[in-house]
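Please find one structure pasted underneath; my questions will follow.
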Amino acid sequence: MGKTVGLAGAGAIAFGTAALLKEAGHDPMLWSPSGSGTVELANGAALRATGAVVTTLTPRIADSAATLARENDVLIVALPGYGHKTVLDSLAPYIEERHHVIISSHASLGAVYLMELLAARGVIAPIIAWGTTICTGRRQSGTEVKVNTVRSRVDLCTVPEDRSADALALCQELFGDRFQPRDGLLAISLSNLNPQNHMGIALGNITRMERGETWSQGQNVTPKVGRLLEELDRERLEIAQALGLEVKTIFEHFHLSFHVPVASISDMNQEMHVQGNGGTGPATADSRYVTEDVPYGLVLTAALGRLAGHPAPLHEAGIRIFSAMYGRDFEAENQILAALDLDRFSLEELKTAAKTGLLRQSASA
């Protein structure tokens, strides 16, 4: 018998994940936090998925966070990082110990933030952090999604750590054998190469984005952009090493994901372009490459670098440059890290929290 699964979100990832769940025999429910994303579906329209997943479904629709929690055993947070805190705040009062919560994809220690909210109510529920989304796609309308890819491998970890086996089995039941366990939330955070890669790509191509041009992303990872990506990766790897964590390199990422020979990052991207899988760059400055990946990606890596005693000056510079370009303080926009107030805690306390989900458990008074 399939699982009842509630998805917080109504964008491409939520729609695509719902389609995957339906195809696997599960019963998805969608909740649009703003209320606007599911209007047509709430009125009885069917959701149609095309591309890597071809199916039509009529998902259940929730009118509130309370309904989503009450009527499902599994909850998936499936929206951009800048929406996570609001959704976690809305769900936390209704999450019970029977629930499994999946954060897809995990952003800036959101699992710790949620675990703290639950602990204040005396509730302990397993929280599963995915390093990335189960699929990629584009929302075509209020009733259509094109699923571009279904990932063959997704990194995950669970807090508290002693619930990991059950959580892995659940994810496999929902989506199949495509999950790679990692050593805690810090490893999940530092395994995500999107923020650093998107920083270099966006900086090198910001005028293309602003003008709404159609441009090849792989082709425009030119030698100088490629060198910047390599140096950003060096900073990330030094932080991971200081924390005693193993994460894949940027070279392994492109080699394993796109099946191109290991070479310079620029050469690997040029080969991806030749093969036709170099991707298309953002056609707007209002892109998640900046608005999500800077505050919820670069900011976290920079914070971990400071805590580990290995500052990341290129990441720090990227935050400041994008903030100047956009006239925004992207560091201040990370509401989750601000709420956790990481500066109050030692590195050892943070390492403990990455396994237990609780910062205050070992914090000094």
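The values are calculated or read from the model by the stated rules, or taken from the named source; none is laboratory data. All of these numbers come straight from a predicted model, not from anything done at the bench. No Cβ is skipped: glycine too gets one built from the backbone with ideal geometry, and neighbour counts run over all protein chains shown. Only protein heavy atoms, including side chains, enter the accessible area calculation; ligands, DNA and RNA are left aside. Shrake-Rupley method; radii C 1.70, N 1.55, O 1.52, S 1.80 Å.
Which of the residues belonging to segment 131-153 are among the aliphatic types (A, V, I, L, M) and either without any contact (Cβ under 8 Å) to a residue 60 or more places away in the chain or under 18 Å from GLY37 (Cβ atoms) (or both)? Can you show your working first?
From segment 131-153, those among the aliphatic types (A, V, I, L, M) are 134, 145, 147, 150; that's our starting set.
Once the filter is applied, which keeps residues that are among the aliphatic types (A, V, I, L, M) and either without any contact (Cβ under 8 Å) to a residue 60 or more places away in the chain or under 18 Å from GLY37 (Cβ atoms) (or both), segment 131-153 yields VAL145, VAL147.
Of everything in segment 142-191, what is among the hydroxyl-bearing types (Ser, Thr, Tyr), buried (at least 19 other Cβ atoms within 10 Å of the Cβ) and touching a strand residue (DSSP E or B) at 6+ places or on another chain (Cβ under 8 Å)? Give them in sequence order.
THR158, SER191
For residues that are in contact (Cβ under 8 Å) with a residue 60 or more places away in the chain and under 17 Å from the mean Cα position of the chain (by Cα), tally how many sit in segment 184-218.
At the first step, the residues of segment 184-218 found to be in contact (Cβ under 8 Å) with a residue 60 or more places away in the chain are 184-196, 198-199, 201-203, 205-206, 208-210, 212-218.
Subsequent filtering for residues that are under 17 Å from the mean Cα position of the chain (by Cα) retains 184-196, 198-199.
Residues that pass the stated criteria total 15.
Which of the residues that make up segment 131-181 are out of contact with any Phe, Trp or Tyr (no Cβ under 9 Å at 6 or more places or on another chain), under 30 Å from THR280 (Cα atoms), not in a strand (DSSP E or B) and not hydroxyl-bearing (Ser, Thr, Tyr)?
Scanning segment 131-181 gives GLY131, GLY142, ARG151, PHE175, GLY176, ASP177, ARG178.
Looking only at segment 3-19, count how many residues are under 18 Å from the mean Cα position of the chain (by Cα) and outside any loop (DSSP other than H, G, I, E, B). Show your work before the answer.
Taking segment 3-19 as the starting set, the residues that turn out to be under 18 Å from the mean Cα position of the chain (by Cα) are 6-18.
Then drop every residue that is not outside any loop (DSSP other than H, G, I, E, B), which leaves 6-9, 12-18.
Qualifying residue count, segment 3-19: 11.
Could you check how many residues of segment 300-350 are closer than 19 Å to LEU193 by Cβ and of a type in the set (Val, Ile, Thr)?
Total satisfying the criteria: 2.
Enumerate the pairs (first residue in segment 343-355 and under 14 Å from GLY184 (Cα atoms); second residue anywhere and part of a helix (DSSP H, G or I) and of a type in the set (D, E, K, R)) with beta-carbon separation below 8 Å, excluding pairs fewer than 6 apart on the same chain, so at least 6 apart or on different chains.
The qualifying pairs are LYS355/GLU161.
Report, by residue number, each residue of segment 192-242 that is open to solvent by 20 Å² or more (accessible area, probe 1.4 Å), β-branched (Val, Ile, Thr) and not in a helix (DSSP H, G or I).
Scanning segment 192-242 gives THR214, THR222.
Out of segment 284-333, which residues are open to solvent by 60 Å² or more (accessible area, probe 1.4 Å), over 23 Å from ILE239 (Cα atoms) and of a type in the set (Gly, Ala, Ser)?
If the condition is that a residue be open to solvent by 60 Å² or more (accessible area, probe 1.4 Å), over 23 Å from ILE239 (Cα atoms) and of a type in the set (Gly, Ala, Ser), then ALA324, GLY327 are the ones that fit.
Return yes when LEU109 is over 18 Å from the mean Cα position of the chain (by Cα) and either crowded, with 16+ Cβ neighbours inside 10 Å or touching a residue at least 60 places away in the same chain (Cβ under 8 Å) (or both) and no when it is not. Give the steps one after another, and end with the answer.
Numbers: over 18 Å from the mean Cα position of the chain (by Cα): no; either crowded, with 16+ Cβ neighbours inside 10 Å or touching a residue at least 60 places away in the same chain (Cβ under 8 Å) (or both): yes.
When the stated conditions are applied, LEU109 does not pass them.
So which of GLY16, GLY2, GLY11 is of a type outside the set (A, V, I, L, M) and touching a Cys at 6+ places or on another chain (Cβ under 7 Å)? Break it down into steps so the answer makes sense when it comes.
Details: GLY2 fails: touching a Cys at 6+ places or on another chain (Cβ under 7 Å); GLY11 fails: touching a Cys at 6+ places or on another chain (Cβ under 7 Å).
Exactly one residue qualifies, and that residue is GLY16.
I'd like to check which helices (runs of 4 or more DSSP H) are fully inside segment 35-106 and have at least 1 residues that are over 22 Å from GLU292 (Cα atoms) and free of Cβ contacts under 8 Å to residues at least 60 places away in the same chain. It would help to see each step written out before you state the result.
On the way: elements: 39-42, 65-70, 84-91.
Ranges flagged: 39-42, 65-70.
Give VAL53, VAL77, VAL87 a once-over and let me know the one that is among the β-branched types (Val, Ile, Thr), in contact with an Asp or Glu (Cβ under 9 Å, 6 or more places away or on another chain) and crowded, with 19+ Cβ neighbours inside 10 Å.
On the way: VAL77 fails: in contact with an Asp or Glu (Cβ under 9 Å, 6 or more places away or on another chain); VAL87 fails: in contact with an Asp or Glu (Cβ under 9 Å, 6 or more places away or on another chain).
When all the criteria are applied, what remains is VAL53.
Would you be able to tell me the number of residues in segment 112-128 that are in a loop (DSSP other than H, G, I, E, B) and either open to solvent by less than 20 Å² (accessible area, probe 1.4 Å) or closer than 21 Å to ASP343 by Cα (or both)?
The total comes to 3.
Considering only residues that are touching a helix residue (DSSP H, G or I) at 6+ places or on another chain (Cβ under 7 Å) and over 20 Å from VAL5 (Cβ atoms), which ones fall in segment 82-106?
TYR82, LYS85
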